[in-house]
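Notes to accompany the following structure.
The values are calculated or read from the model by the stated rules, or taken from the named source; none is laboratory data. Small disclaimer: the values here were computed from a predicted structure and weren't measured. Using ideal geometry, Cβ is built from the backbone for each residue, glycine included, and neighbour counts are taken over all protein chains shown. Ligands, DNA and RNA are stripped out before the accessible areas are found, and what is left, the full protein with its side chains, is counted by its heavy atoms. Shrake-Rupley method; radii C 1.70, N 1.55, O 1.52, S 1.80 Å.
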Amino acid sequence: MRRLLVGLVLACAVWGQQVDFTKQEIETVKITDSLYVLMGGPAQGNVLASVGPDGIFLVDSMYAQMHDKLLAAIRKLSAAPIRYIVNTHLHGDHTAGNEAFAKLGAVVISHDNMRQRMLDAKVDGLPKQTYGSTLTLQFNGDEIYIYHPAPAHTDGDSIIFFKKANVMHVGDVPASLRYPNIGVAEGGTVDGMIAAGNQVMQIANAQTKIIPGHLGPVIGFDEIRQQLTMFAAIRERVMTSIREGKTLEQVVAAKITKDFDPGRLGGAITPDRFVTLVYTDLSRKK
Ligand SMILES: [Zn+2]
Ligand SMILES: [Zn+2]
């Protein structure tokens with residue numbers, strides 16, 4: 001059981017593709033005078049860095065193999081201490097770099113459920129500070145509001161909102177740039193993904209710069225809305241098929257996402273994989 005959990009945690013983000021870390025370089029994109037997105041290719045989680053008088057605050061830490069390159073990119077921005085890392089969720093493309101940053105003195109923060117799952121799976125880089133519903137930090141002149149959507153991508157997701165800068169990192173909650181992964185073995189659900197997308201649109205506003213977990217690096221309401229439309233349609237199609245008694249193989253073979261595929265084929269989750277995830281979740285609550 002333990003081995004199974006570790007395998008799931010580590011494998012989730014690399015479905016369908018092998019990452020050659022030696023070929024991944026960090027691209028730094030300036031968002032405001034103090035906020036930067038550090039991108040390491042589509043398989044790595046986007047890192048958001050706040051740089052200022054209080055030091056450095058990171059959202060997510062990429063795969064461990066990216067640590068040296070990520071740190072070098074951060075050091076081009078500032079030599080200040082890296083004080084905090086908040087993880088959007090437990091997948092390795094967002095957390096496996098935690099341990100190396102913790103050794104440099106960073107305090108890792110996450111939702112309670114995320115830490116518990118990492119503890120159960122015996123993964124390194126455990127968060128040192130956790131929260132239940134919301135957490136607010138004052139840092140670099142901004143108010144950083146961290147909140148937990150109901151089980152969505154996993155059951156330990158965090159969304160991080162820099163209120164003054166009006167910048168929000170939403171982790172792997174839906175955006176139309178690709179088909180999203182749903183952590184169906186880690187408490188994630190289709191309905192939760194839809195709810196989290198709607199919640200983002202309630203807390204953010206049309207001017208908010210939304211940083212998705214992958215690609216981008218900046219999206220707005222349009223990309224979230226498009227993904228919610230896709231989710232509602234595919235949910236309905238899969239649910240109808242389940243009620244008709246169709247098997248997973250039959251539903252996958254029917255290519256029911258075809259009208260939504262354009263523009264969504266850049267990520268690790270293929271249409272077949274996405275349909276499999278939706279079917280897996282919906283069939284267990286039928
Ligand atoms: Zn991810
Ligand atoms: Zn993920």
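Per residue, the chain exposes 42 Å² of solvent-accessible protein surface, assessed with a 1.4 angstrom probe and all protein chains in place. Of all aspartates and glutamates in the structure, the ones whose alpha carbon falls short of 13 Å from that of LYS76, not counting any fewer than 8 places away in one chain, are GLU27, ASP68. Summing charges over neighbours of ILE160, with a neighbour being any other residue whose Cβ is under 12 Å away from its Cβ, gives -3 when K and R count +1 and D and E count -1. Membrane-span-like helices in the chain, defined purely by DSSP H runs whose alpha carbon atoms cover 24 Å or more axially and whose average Kyte-Doolittle hydropathy reaches -1.0, are 221-243. Annotation: aspartates and glutamates with alpha-carbon distance below 17 angstrom to LYS285 (same-chain offsets under eight excluded): ASP155, GLU186, ASP191, GLU236, GLU244.
Among beta bridges from DSSP that stay inside region 39-128, the antiparallel ones total about 40%. From the cross-link list LYS122/LYS164; LYS23/LYS246; LYS122/LYS209; LYS69/LYS258; LYS128/LYS164, which pairs have alpha carbons spaced over 31 Å apart? Correct reply: LYS122/LYS164; LYS23/LYS246; LYS122/LYS209; LYS69/LYS258.
Rounded to whole numbers, the Karplus 3J(HN,Hα) couplings from phi for region 167-182 are 10, 10, 9, 9, x, 9, 6, x, 8, 6, 6, 6, 7, x, 6, 10 Hz, using 6.51 cos²θ - 1.76 cosθ + 1.60 with θ = phi - 60°, and x at Gly and Pro. With both labels modelled 7 Å from their Cα along Cα-to-Cβ, the SER133 to GLU249 distance reads 4.8 nm. Divide the volume of the convex hull around the Cα atoms of the chain by the residue count and you get 120 Å³ per residue.
For region 97-171, a simple Cβ point-charge model (Lys and Arg +1, Asp and Glu -1, everything else neutral) yields a dipole of about 140 debye relative to the Cα centre. Surface composition of region 2-236: carbon plus sulfur atoms contribute 51% of the solvent-accessible area (1.4 Å probe, protein chains only, all chains present).
Ranked highest first by average number of other Cβ atoms within 10 Å, how do 247-259, 195-207 line up? Numbers along the way, then the final one.
Values: 247-259: 14.3, 195-207: 16.0.
Most protected by this proxy first, the peptides run 195-207, 247-259.
Can you tell me the FRET efficiency between ASP120 and GLN207 if r is taken as the Cβ-Cβ distance and R0 is 41 Å, rounded to the nearest 0.05? That gives a FRET efficiency of 0.55.
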